[in-house]
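Before any comments, here is the structure.
The values are calculated or read from the model by the stated rules, or taken from the named source; none is laboratory data. Not measured: the values here are computed from a predicted model. Methodologically, a virtual Cβ is constructed for each residue, glycine included, from the backbone with ideal geometry; neighbour enumeration extends over all protein chains shown. Ligands, DNA and RNA are excluded from the accessible area calculation, which covers all protein heavy atoms including side chains. Shrake-Rupley method; radii C 1.70, N 1.55, O 1.52, S 1.80 Å.
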Amino acid sequence: VLEYSVTLPATQTQLPVIAATAVDVQARLVFIQATTVPGQASVVVIAKSGALQTYTVKFVRALSSDATLQALTYNGLSVPNFKTTRLVYEVSLPSATTAIPTISAVATDPNARIVLIQANTFPGQASVVVVAADGSTSLTYTVEFKKGLNNDATLKSIAYDGTAISPFDKEELSYMVSLPIGTTSVPYVTAEAQDAAARVDISQPLSLPGEA
């Protein structure tokens with residue numbers, strides 16, 4: 001048999017080196033080593049009579065089973081605390097976010113195949129399916145996008161006894177209200193926050209004149 005095929009591990013980086021022993025101890029051997037993988041090496045056997053025989057060994061690399069990612073991003077930003085071995089992530093975005101975030105990924109093995117499943121809502125979930133070069137090994141990375149807590153502590157309106165203060169500006173923090181002469185009842189103040197999830201605490205005025 002003059003031709004052989006050898007499959008090397010997918011992770012092997014060192015070039016293989018062949019050796020051989022001739023049947024006839026008086027024969028001479030000439031080695032032509034492989035310079036790449038895939039590639040081939042040869043042994044030329046030169047008999048004492050001058051007759052030649054060439055043996056060939058073809059080297060191929062096994063398909064990788066590596067289905068990990070080396071990078072995972074959303075909107076161009078790295079997913080926090082990313083690790084190749086961690087498959088599930090949560091990302092909090094400002095509650096005012098309206099655009100659905102877009103994920104992208106880079107496989108550790110350039111021969112692996114990546115399938116991106118983008119979120120179709122916010123809050124929502126996106127996934128990355130990585131299929132290794134061997135075609136049978138796969139991993140799924142999941143990113144759950146959630147609304148973060150809003151830091152908006154402004155008001156939408158302030159009213160006293162059902163009458164809204166006007167003009168009202170959420171950036172203006174102090175207001176002066178003049179009540180009709182003869183008013184004796186202390187007004188009841190209400191307010192509405194810009195963020196519906198915010199909590200509004202009101203200290204009602206205790207007297208007139210007074211302050212809320």
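Some notes on this structure:
- Rolling a 1.4 angstrom probe over the chain with all protein chains present gives an accessible area of which 54% lies on carbon and sulfur atoms.
- Here Tyr188 and Thr154 are evaluated by their C-beta separation; at R0 = 25 Å the FRET efficiency comes out at 0.70.
- Anisotropy class of region 125-208 from Cα gyration tensor, a/c 1.5 cut: prolate
- Placing a label point 7 Å from the Cα of Ala196 along the Cα-to-Cβ direction, the residues of region 101-124 with a backbone N closer than 20 Å are 121-124.
- Contour excess over end-to-end distance, with Cα ends at Gln70 and Ala47 and 0.36 nm allotted per residue: 3.0 nm
- Highest mobility in the GNM of the chain, judged by mean-square fluctuation with C-alpha springs under 10 Å and restricted to Val130, Val115, Val23, is found for Val23.
- Residue separation of Thr13 and Lys83 scaled by 0.36 nm, minus their Cα-Cα distance, works out to 22.8 nm of gained length.
- In the list (1) 18.7; (2) 19.1; (3) 24.7, the label attached to Kirkwood radius over Cα pairs in Å as derived from the coordinates here is (3).
- Here's how it looks for Ala107: its modeled amide H is under 5 Å from those of Gln70, which are all 5 or more places away or on a different chain.
- Whole-Hz couplings from phi, Karplus 6.51/-1.76/1.60, listed for region 37-42; x for Gly and Pro: 10, x, x, 9, 10, 9
- Derived scalar couplings ³J(HN,Hα) [region 138-143; Karplus, 6.51 cos²θ - 1.76 cosθ + 1.60; whole Hz; x for Gly, Pro]: 8, 9, 10, 9, 10, 10
- Accessible area of region 83-164 divided out per residue, in Å², using a probe of 1.4 angstrom: 58 Å²
- Region 109-120 - phi-based ³J(HN,Hα) in whole Hz, Karplus 6.51/-1.76/1.60, Gly and Pro as x: 8, x, 8, 6, 10, 10, 10, 9, 10, 6, 5, 10
- Glu192 sits with roughly 90 Å² accessible to a 1.4 Å probe, with DNA, RNA and ligands left out of the calculation.
- Largest accessible area first, the listed residues Glu211, Glu172 line up as Glu211, Glu172 when surface is computed with a 1.4 Å probe on the assembled protein chains.
- GNM result for the chain, Cα springs below 10 Å: residue of Ser157, Ser178, Ser65 fluctuating most strongly: Ser178
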